Amino acid sequence: MWPLILKDLRRRLRRPASTLVMVAFPLLMSLALGSVFGGGGANDRFPPIHILVENQDPDGFLANALVNALGSPRSGDFIQAEAVGDEGRSMMEKGKASALVVIPEGFSQALLDSRPTVIHIVRNPSEGIKPEIVVLGSELVATYLDQGSRLLGGELGQIKELVDARQIPPAAKVGAVAARITERLSGARDYLFPPLVGIASAKEAEPEGANSSTGGGVFGYVLMMTTVMALLFVAVRSVGDLFEEQNSGMLRRQLATPMPVARIIAAKFLFSVVLGLLVMAILATTGLALGWLDVPAAPGAAILLGLVFNLAACGVVAVIMGLSGNEKQAGIMSWLIVMGMSALGGSMVPLQQLPAAMRGLADYTLNYWAIDGFSQVMFEGAGMGDVAGNLAVLAGTGLLLSVLANALLVRRFRKVAP
Amino acid sequence: MTPVLEVRDLHKVFGDLTAVDGISFSVNEGEIYGFLGPNGAGKTTSISMICGLLPPTEGEVLVMGLSIAEDPRGVKRLLGVVPQEVAVYEELSARMNLEFWGGIYGLKGKALRERVNGLLAQVGLDDRAAEPVKNFSGGMKRRLNLAMGLVHDPQLILLDEPTVGIDPQARHKILDIVKQIAADGRTVLYTTHYLEEAEDLCDRLAIIDHGSILAEGTVAELKAKLGEGSLLTVQGGFKAPELAAAAGAVAGLQPVEIIDGRGMLVVGRDGPGVSNALSGLFQAGLAFDDITIKEPNLEDLFLNLTGRELRD
Ligand SMILES: Nc1ncnc2c1ncn2[C@@H]1O[C@H](COP(=O)(O)OP(=O)(O)OP(=O)(O)O)[C@@H](O)[C@H]1O
Ligand SMILES: [Mg+2]
């Protein structure tokens with residue numbers, strides 16, 4: 001079992017982009033949403049960023065969604081986006097905004113086709129950054145974009161169809177979320193990361209004791225709720241790795257060894273749980289370092305919640321994959337279910353702010369049980385006993401689904417084409 | 001002595017297609033047994049059944065007396081399988097790939113490290129061991145692909161076209177490794193559609209097509225089935241009638257074409273043999289500047305058996 005897990009961890013370490021995306025996503029969301037929802041007083045630390053957006057891909061669905069996302073009320077005070085035409089550059093020269101984001105022609109199609117595409121950002125020289133045109137082909141961003149479109153890969157095309165067909169209402173939402181993620185991965189990074197650095201230094205200068213009991217308030221809460229969603233995506237990626245191994249012939253090779261299939265699948269589960277815990281640990285540490293989170297009274301309860309939630313996440317994803325007809329279907333289905341659970345379960349909108357009707361559905365999502373448990377432990381000083389119910393639900397679901405998923409996946413992957 | 005591999009009447013039917021149609025053979029310890037056949041002959045399907053990846057429609061596979069159907073895990077432990085398509089973890093290094101496979105078979109610690117080091121040296125990848133495999137050339141990946149099937153030092157190694165699509169130099173390297181494996185007492189089942197490889201490498205081989213074995217034996221035995229003898233070409237300062245007369249005096253030596261200074265003769269299968277034929281000609285007082293003896297090759301045999309070329 002261990003060699004299998006070690007191999008997967010090493011592979012992930014050698015190709016960290018997708019994991020980095022999972023880590024970056026909750027951090028970026030926290031910054032964006034945290035400021036929208038008030039930021040718990042921390043808002044003062046962020047002067048609003050005024051940006052201009054020049055969309056040269058007006059017919060592209062992703063480009064439009066990106067523009068909408070940037071310009072939506074949600075981006076609120078933190079990012080003030082203004083749609084501009086080609087006058088953007090001259091406005092920049094007059095120092096009218098912090099940055100100009102140029103979405104190139106054919107941007108949407110390029111992402112759909114997984115072709116490289118470049119978003120140009122013109123920075124404002126008077127903001128203390130050297131006057132230069134920053135091409136977002138810098139290595140990190142290129143990796144993000146690449147991984148982002150690969151991560152969402154085929155699904156993007158599917159979502160586009162759903163959106164275009166306008167048949168299933170939630171699909172439009174899904175498309176917007178896809179665009180949001182794309183935005184996070186691409187355009188957003190360049191103006192979101194500098195504030196991140198800024199927070200760290202601003203905090204150092206802060207006098208002791210100021211507002212320390214509430215931690216980062218909304219920032220911490222958003223980090224927690226989006227982390228839960230990111231962990232579901234970690235599970236999608238990790239369990240979905242079985243398909244990748246099948247395609248690359250590695251699974252076939254493993255099946256020719258004395259190892260039973262069930263062990264190969266169980267190892268993939270364990271790997272997924274371990275990776276989920278790692279991602280959670282990185283995010284928690286970052287949250288602590290940024291002052292968004294405080295060390296909880298019962299850290300054990302938080303870790304245990306993380307463990308059982310990751311198990312349940314793998315279980316649900318694996319059951320979907322086990323039931324799906326083919327790889328593509330498995331990818332789309334698990335993606336939609338993760339999105340749906342996240343929307344209903346409080347990973348996208350805080351539970352308190354969900355309409356009452358939807359609030360009732362939240363109980364059926366893993367996100368709810370995790371977020372409810374984490375929020376008690378992290379923000380209300382709850383102990384193990386207080387979240388016993390959450391632990392039980394997640395552990396029970398996790399075990400049940402894992403057993404079911406194992407049976408389904410054994411059946412699916414035992415047979416190999418010669 | 002129990003053969004290392006014994007295959008009895010193996011069949012595989014996919015829908016209407018009979019991919020393997022009653023194959024039987026056995027391979028002894030230390031032998032390299034070849035499976036020579038064109039695309040779609042059923043080589044990979046046979047290998048898949050032998051290593052337990054595919055249940056046979058009919059028939060039986062025994063490895064060192066153990067039945068794959070009854071004791072799949074026991075048999076799989078004895079096998080090293082090298083698939084036709086290169087299957088390696090591209091993002092990992094060669095060393096990590098090998099460590100992974102060794103780990104699966106229960107090797108660990110020092111034993112694993114030593115084995116991996118030995119293999120890396122054996123396949124000539126020791127100086128590139130730490131690099132991600134995606135940087136490797138096709139030939140290097142092939143060598144790693146091979147090494148990955150050998151980590152646990154299996155008794156029987158199933159090699160499915162391990163040299164397909166690589167340059168002659170890289171191919172030689174792989175053939176040398178295979179010979180080395182057999183010299184170390186391991187048994188090899190080697191599929192290929194390259195005649196030269198089969199001739200060079202295999203102690204015995206089966207020519208298969210459409211899922212059946214058309215002929216089986218050592219290279220010499222198979223050639224013997226051709227019925228024709230060796231083709232002898234001589235050149236020298238003789239006149240055509242002199243050679244014709246001398247050849248006529250040797251039983252079983254048939255002239256094919258004789259002109260002044262040059263002659264082509266067939267030494268019949270049941271004839272005197274090449275050296276006797278030649279000494280017969282020498283005894284007649286002829287002197288030659290140049291003698292070539294061409295053995296019939298497997299290509300001719302394949303053509304003979306199937307009526308078509310081995311390669312598309
Ligand atoms: N899973 C399958 N379903 C249906 N037909 C199959 C399957 N696997 C193989 N076949 C068919 O069985 C026949 C034998 O295929 P096989 O792969 O064993 O040939 P091969 O000798 O290995 O050929 P190559 O030299 O091209 O590798 C082919 O006609 C192939 O199309
Ligand atoms: Mg084949």
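FYI, it's all coordinate maths here, none of it is from the lab. Just so you know, these numbers come straight off a predicted model, no measurement behind them. Methodologically, a virtual Cβ is constructed for each residue, glycine included, from the backbone with ideal geometry; neighbour enumeration extends over all protein chains shown.
What average number of partner chain Cβ atoms lie no more than 10 Å from the Cβ of the residues making up B:40-53?
Mean partner shielding for this stretch: 2.
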> With charges only on Cβ, +1 for K and R and -1 for D and E, what is the dipole size of the range B:4-115 about its Cα centre, in debye, rounded to 20?
Replying inline: 580 debye
>> Starting from a Cα-only point model with no solvent, please compute log10 I(q)/I(0) by Debye for the range B:227-295 at q = 0.24 1/Å.
In response: -1.01
> If you plug each phi of the range A:253-269 into the Karplus form 6.51 cos²θ - 1.76 cosθ + 1.60 with θ = phi - 60°, what whole-Hz ³J(HN,Hα) values come out, in order, with x for Gly and Pro?
Replying inline: 4, 5, 6, 7, 8, x, 5, x, 4, 4, 6, 4, 6, 4, 5, 5, 4
> Using a basic spin-label model with each label point 7 Å from the Cα along Cα→Cβ, how many nm lie between residue B:275 and residue B:196?
Replying inline: 2.8 nm
>> Between residue A:363 and residue B:1, how high is the FRET efficiency from 1/(1 + (r/R0)^6) when r is the Cβ-Cβ distance and R₀ = 56 Å? Nearest 0.05.
In response: 0.25
> Rounded to the nearest 5, what % of the DSSP beta bridges within chain B are antiparallel ones?
Replying inline: 70 percent
> What percent of all Cα-Cα pairs in chain B falls in each 20 Å bin, counting up from 0?
Replying inline: 29, 45, 22, 4
>> Principal axis extents for the range A:290-367, Cα atoms only, whole Å, descending order, please.
In response: 45, 30, 24
>> With the cut-off at 27 Å, tell me which of the pairs A:7/A:415; B:141/B:179; A:328/B:141; B:239/B:294 have Cα atoms farther apart than that.
In response: A:328/B:141
> What are the semi-axes of the equivalent ellipsoid of the range B:65-208, taken as the square roots of 5 times the eigenvalues of the Cα gyration tensor, listed largest first and rounded to whole Å?
Replying inline: 23, 21, 13
>> Which one, A:230, A:336, A:257, is farthest towards the positive end of the dipole of the range A:221-376 when Lys and Arg carry +1 and Asp and Glu -1 on their Cβ?
In response: A:257
> Helix B:138-148: angle to the longest alpha-carbon principal axis of chain B, degrees 0 to 90, nearest 10?
Replying inline: 60 degrees
> How many nm separate the modelled label positions at residue A:329 and residue B:183, each set 7 Å beyond the Cα in the direction of the Cβ?
Replying inline: 5.4 nm
>> Using a 10 Å cut-off around each Cβ of peptide B:87-94, what is the average number of partner chain Cβ atoms that fall inside?
In response: 5
> About the Cα centre of the range B:5-216, what is the dipole size in debye to 20, counting +1 per Lys and Arg Cβ and -1 per Asp and Glu Cβ, all else neutral?
Replying inline: 900 debye
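Return the loop-located chymotrypsin sites (Phe, Trp or Tyr not before Pro) in the range A:313-417 (DSSP other than H, G, I, E, B) with at most 16 other Cβ atoms within 10 Å of their own Cβ; answer none if there are none.
Here the chymotrypsin sites (Phe, Trp or Tyr not before Pro) that fit, given the DSSP loop and packing criteria, are A:364.
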>> Projecting each Cα onto the charge dipole of chain B (Lys/Arg +1, Asp/Glu -1 at the beta carbon, about the Cα centre), which of B:255, B:82, B:268 comes out farthest on the positive side?
In response: B:82
> Which ³J(HN,Hα) values, rounded to whole Hz and listed in residue order, are derived for the range B:170-185 from phi using the Karplus coefficients 6.51, -1.76 and 1.60 in 6.51 cos²θ - 1.76 cosθ + 1.60 with θ = phi - 60°, glycine and proline given as x?
Replying inline: 5, 5, 4, 4, 5, 4, 4, 5, 4, 4, 4, 4, 5, 5, 7, x
